[in-house]
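Since the structure comes first, as structure tokens, the remarks are kept for the end.
The values are calculated or read from the model by the stated rules, or taken from the named source; none is laboratory data. Being a predicted model, the structure only gives us computed values, none of them experimental. Cβ placement follows ideal geometry from the backbone for every residue including glycine, while neighbour counts extend to all protein chains displayed. Ligands, DNA and RNA are excluded from the accessible area calculation, which covers all protein heavy atoms including side chains. Shrake-Rupley method; radii C 1.70, N 1.55, O 1.52, S 1.80 Å.
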Amino acid sequence: MGAQGQDLTINGTAVTLSVDGDTSLLSVLRDRMDLKGSRIGCTEGYCGACTVLVDGKPVQSCNTPVWSVAGKDVTTIEAAERHPVLSEVQKVFVDLQAAQCGYCTNGIMMTLAGLLGQSPRPDRAHILAHLDERHLCRCGVHVRVLKAIDQLLAQSGGATA
Ligand code: FES
Ligand code: FES
């Protein structure tokens, strides 16, 4: 597939990019939009470091071709200040220091923002299963991330049991 105009909205701004439709969303974000908060990890859909929101749902941008998000809203960690749920997630992570090297952290926060944003009463087991399946942390900050999740659930009125 050759380069062609891809229309999408990134952090609230409509953009048209001349890029091969099979280019990964991660590459577009980092290399064309200079949004480096979405990290390059495995690039094969295993680690979750590259997670962004597409129409509010967590998506691994490394294995998402840009053609598939045409016409959709993409949100990255750089939009945290303007995104109510994401900013709340980020604040709790900072308050509880729920990171070590931080490489996995943006992706985890994006997933949490997506899951908390989708459900007014999010289920802890569902969140943990999602994180377990789609995110890796080599530093082992799981206990602090769990504390952050419980804090967020308490704030949202979600079930923490
Ligand atoms: S870099 Fe996308 S899942 Fe690992
Ligand atoms: S904090 Fe280092 S990989 Fe998770």
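Relative to its residue count, segment 79-156 spans a Cα convex hull of 83 Å³ per residue.
In a reduced charge model with +1 at each Lys and Arg Cβ and -1 at each Asp and Glu Cβ, the chain shows a dipole moment near 380 debye about its Cα centre. Relative contact order of the chain, taken over Cα pairs closer than 8 Å and 6 or more residues apart, is 22 percent. Calculated accessible area for the chain comes out at 50 Å² per residue, all protein chains present (probe 1.4 Å; ligands, DNA, RNA ignored). Percentage of Cα-Cα pair distances in segment 122-161 greater than 12 Å, rounded to whole percent? Distances greater than 12 Å cover 58 percent of the Cα pairs.
Expressed as a whole percent, the accessible area of the chain that falls on carbon and sulfur atoms is 50 (1.4 Å probe). In the context of the full protein assembly, TYR46 retains an accessible surface of approximately 140 Å², using a probe radius of 1.4 Å and ignoring ligands and nucleic acids. By the rule of a C-alpha distance below 25 Å, with chain neighbours fewer than 8 residues away ignored, the lysines paired with LYS91 are LYS36, LYS57, LYS147.
Restricting the calculation to Cα atoms, the chain yields a radius of gyration followed by a Dmax of 15.5, 51 Å. Separation of segment 69-92 from segment 131-146 is 20 Å, based on Cα centroids.
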